[in-house]
Every structure is written in C-alpha cells, then in structure tokens.
Amino acid sequence: MHTIQNYINGNFHDPVSNDWIDNYCPANGEIYGKIPNSSKDDVENAYIAAQSAFPSWSQTTLEERSRILIKISELIEENLQRFAEAESKDNGKPISLAKVVDIPRAASNFRFFGNAITQFASESHESIGQDAVNYTLRQPLGVVGCISPWNLPLYLFTWKIAPAIAAGNCVVSKPSEITPMTAYLLGDICNQAGLPKGVLNIVHGLGSTTGQAIIEHPDIKAISFTGGTTTGSHIAKVAAPMFKKLSLELGGKNPNIIFADCDYNEMLETTVLSSFSNQGQICLCGSRIFVEASIYKQFKQDFIAKVKRLKVGHPSEPDTNIGALVSKSHLEKVIQYIEIAKQENGTVLCGGHEVSVKGFENGYYLEPTIIEVSTDECRINQEEVFGPVVTIMPFNTEDNVLQMANKVKYGLSATIWTNDLKRTMRLSNQIQAGIVWVNTWMMRDLRTPFGGVKASGVGREGGFEALRFFTEAKNVCIKY
Ligand code: NDP
C-alpha cells in the first residue's frame, strides 16, 4: 500500500487532520494506497510556505528559473518508465500512451516554459508630443492556485504549474484525488532539481474540501482550473467576488466533421484515435462524428471494422489500445449514457458492454462504443460523456453540418477533414471553438493559445498567453 503525502515547503507531510482517502487502481478495482484528505489547515500551511518563498523566487533571475525548470524536465524524462507506470496504474490508461503522451508532454511543459520565460517581453509606448514614455511591467501575481483533473494527470498539472512558477509566482496546487500519484512523485523531482522550498506546494484531497479551501482562500490571487463545466461554474461563483484572476478550461462535446473529399485513410486512422484515445477521456476527443452523406455508408462499415479490432485490456499490456476507465462511478455514468442513447432511439453499432479482463474482473473496462443517431438534438449528442462513446450521423450540406456543430453549449475544439481550401477557411472561421484542427487531431504546438468558448471555459493558456495570465500588467508612465 502506498501512502501519499502533501508536499509543502519542500517536505512531505501527513494531513493535519489525519483524514485519508482510499486510492483505487482502475485496472483491478482494488485499493492500493491512501492519500490525504487535506483540510483548510493544510491549504493554509501550503499558502504560508508559498507566501514566504515568493519575495525571493519572484526576484530570482530568469536564467536561474529557466535552468531549474529545464532540470525538472530532464529529471522527468530520466524517470519516464517510473512515471508512466505510476500514471497507468493510477488512471487505468495504457502504459504505451502514458509513455508517449502523458509523461513526455509533462516534461515538455517544463522545458517549454523554462525557455519561454527567457523570451517573454512587454511593450513600451512613446507618447509622442507629450514628452513621455510608457512601459508595461509584467509582474508575478504572488501565490496562485492550480487545480487539475484526472484524465491527463501529470500533463495537465504541469501545464499550469510550469508557467506559474516560470513567471515568478509561488503555487498551491491540487491534482485530482482520483489520480494523485504522479503529482506526488513530482515533489521529489522538484527537490532534486533545486526548486527552492515553498515555490511549489501540492496538497491532496477532495475537491469539496481541499479544492474548496484553495478557491476561497482570500490571499490566493488567481485560480487556473481544468475540469468539468459544473465545477468551473462553482469556482467562478466563489472566486469572482474576491476578484481573483480566473482561467477555466472546461468540458467539451467536439464535432469531428468529415467531408467526402478528405484523405480517407488518414482520416479513418485519426478518427479512431480522436474517438477512443485514453478511453475517450480527453476533453479534445471528437465525440460527435458528422460524415458527408455520400461516404457515410462506407465510413460506417470501415470505422466499425477498425474499432472492433481495438484491444481492451490491462493497461500494462503493451498491445492494449483501450485500458480501464478511471473509476467505478465514471464507468457507471458512461454506461448510463449508452442506455439514454438507446432510449432516444440511438442504434449501438458496436460496443456498449462492460468487458471482463481475465484476472482483473473487477476492473472498470468498457468496449469502445459507436452509436448511430438520426438527430443531433438528443442527449447523447449534446452532453459530455467523457468516455469511449461516439455518435455518428450523416449530413448533406456544409451549412447543415455547421449548424449542428455549433448547436451545443460547449465550444472547445473541432476537427474538419477536407481538401477544399475555401471550405476550410469558411468553416474554421465560423465554428464556435477555441481550437480547430484541419486534417489532423490533437497536434499541439505549445506556443499556441489553448482554451474554449461558451461552456468550455474562459481565458487562454499556452505560450505567452499562460505567462500573461500568471502576471499582472502594470503601466509606468515617465514624463521627461
Ligand atoms: P472535476 O471538475 O470533477 O474536477 C477537476 C478538479 O477540480 C479535481 O481536482 C477536483 O477534485 C476539483 N474540484 C472539484 N470540486 C471542487 C471545488 N468545489 N473547488 C475546487 N476544486 C474542486 O473534473 P474531472 O476531474 O472529473 O475531469 C473531467 C472534466 O475535465 C471533464 O469535463 C473534461 O472535459 C474536463 N477537462 C477539460 C480540459 C480542458 O482543457 N478544457 C482538459 C481535460 C479535462 P476531485 O477530484 O476531488 O473532485
């Protein structure tokens, strides 16, 4: 049994209340560790450590901050296997995925922001005719809160804390209590890399206790949150009256729009990934597939055939494509959505059932599921399922598919498959989403802005946008 502790002021601590939560392994349904259910007192201790570290860290040269961040990145890479095993065990994702996506991208986050901070600049404006010059200072905010979800645990955790500390802030953070392990391992890596004590503090526990204590802390200046839309809305309500800066990356119900003139084979390969990678538990997954009517029949046949070949299995098996869902309650939620789809006259074309993996019968496994729908207005097409379930339906015209693509409350990402340049331009301008991929999916360049519109969030992270979020602009006007 593992015992995870809070990382505060460079040291590991039990929770003040001695209150613990069980940590489950999704692959076999067993409890394999315990984690703190931290209270306000732990968050306060983390805040005090962060506040004490801030004067010195905010004055640390950019070269030194950069050096430490890059060192953290290198140490994550050196420990790739260990981190990938831990992520896979905690989350249920195939180890093959953790090895090529989650952990390398977590390392990239530190390397990228370690470099980006040395290039981050602000503007100056000469007030001609008034004998004055204005310049903008970009000052760190102080102590900031970072709260991340369970689907890409270390990847999304570091996506926030790397820019926050690069910009000179100190952090009180909380990973999801469902997947705390890699954040816990990161504490030790930060110490090895020489990150000064108190710059990063990691407090584990439930959203309703630990997370709540972070968002309502009066002196935590900003909250960067990735998670569900309902939680995001709650955070906004609590934090807004305190005038905290907020960055909210929330849910999605992303359209995958396929035109007959696309590169068919490439589209098919990628659509399998954009539908079912990480058991469909990626906020960017294209869960609503719209296919131009002229190729619908062919697509349906080929897609089903490919999806049926995906292997659902134990996450540690190298040939597993679909691992376990993250928790029993999440599995139940996803199954409930499949039932709702059936009641709404959706046709399950493949999948739809739990899978019993030999030797791991209590794990949370589900077949990748394709549901054919005849209208986009059903719940399965409107609500975020966040599991290995996609819908497919044909469309006739560009206008028709654009309307359906936009007729959801979310607006995170969209994928378009076409070789028509004019159509690409028209649709990418009009689709309501923060990110539009054309002829690809989840290709990420860390310099680009990342975030959603509508119920998918507020604000942008990524690149200099993240550094802008984690700094306050101050205008200085000098008359000469
Ligand atoms: P949740 O919103 O349930 O939780 C996210 C984090 O917030 C967790 O650490 C959670 O803790 C914490 N939390 C919950 N309640 C509070 C509270 N009152 N105050 C402060 N923190 C709180 O999301 P999930 O973890 O279930 O993640 C899945 C969701 O995340 C999906 O909707 C998905 O679309 C979205 N997501 C969005 C992304 C984006 O970039 N837009 C990327 C990835 C995921 P606890 O675990 O204890 O509940």
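Just so you know, all these numbers are worked out from the coordinates, no wet-lab data involved. Predicted, not measured: the structure shown is a model, and the values here were computed from it. Cβ sites come from the backbone with ideal geometry, for glycine too, and all protein chains shown count toward neighbours.
Debye-formula intensities of the chain, expressed as log10 I(q)/I(0) at q = 0.10, 0.12 Å⁻¹, are -0.75, -1.05 (one equal scatterer per alpha-carbon, no solvent). The calculated FRET efficiency for residue 347 paired with residue 1, based on their beta-carbon distance and R0 = 56 Å, is about 0.80. Restricting the chymotrypsin sites (Phe, Trp or Tyr not before Pro) of the stretch 1-101 to loop positions (DSSP other than H, G, I, E, B) with no more than 15 neighbouring Cβ atoms within 10 Å leaves nothing. Approximating the spin labels as points 7 Å out from Cα along Cα→Cβ, the residue 420-to-residue 139 distance works out to 5.4 nm. Using a Förster radius of 51 Å, what is the FRET efficiency between residue 304 and residue 34 based on their Cβ-Cβ separation? Nearest 0.05, please. With a Förster radius of 51 Å, E is 0.75. A Förster radius of 60 Å, combined with the Cβ-Cβ distance separating residue 261 from residue 362, puts the computed FRET efficiency at roughly 0.80. A full extension of the chain between residue 62 and residue 473 corresponds to an added length of 146.2 nm, given 0.36 nm per residue minus the alpha carbon distance.
Within a Cβ distance under 15 Å of residue 447, other residues only, what is the Lys/Arg minus Asp/Glu net charge? Result for the neighbourhood of residue 447: +2.
Kirkwood analysis of the Cα pair distances in the stretch 214-286 returns a hydrodynamic radius of 14.7 Å. Taking label positions 7 Å along the Cα-Cβ direction at both residue 16 and residue 339, the computed distance is 4.3 nm, reported to one decimal.
Most simply put, the stretch 315-447 has about 40% antiparallel DSSP beta bridges, counting only bridges with both residues inside it.
Which residue, 274, 430, 298, has the largest displacement toward the positive end of the dipole of the chain when charges sit on each Cβ (Lys, Arg +1; Asp, Glu -1)? In the chain, that residue is 430.
Taking every Cα-Cα distance in the stretch 252-310 and sorting them into 5 Å bins starting at zero, the pair-distance distribution P(r) comes out as 4, 19, 31, 27, 15, 5, 0 percent. Treating each Cα of the stretch 257-406 as an identical point scatterer and summing with the Debye formula, the log10 of I(q)/I(0) at q = 0.10, 0.11, 0.14, 0.15 Å⁻¹ comes to -0.33, -0.40, -0.65, -0.74.
Counting only helical runs of four or more DSSP H residues, what would the 222 nm mean residue ellipticity of the chain come to if each run contributes -39,500 (n - 2.57) and the total is spread over all its residues? Calculated from helices alone, the mean residue ellipticity at 222 nm is -12000 deg cm²/dmol. Averaging 1/r over each pair of different alpha-carbon atoms in the stretch 39-92 and inverting the result gives 13.9 Å, the Kirkwood hydrodynamic radius.
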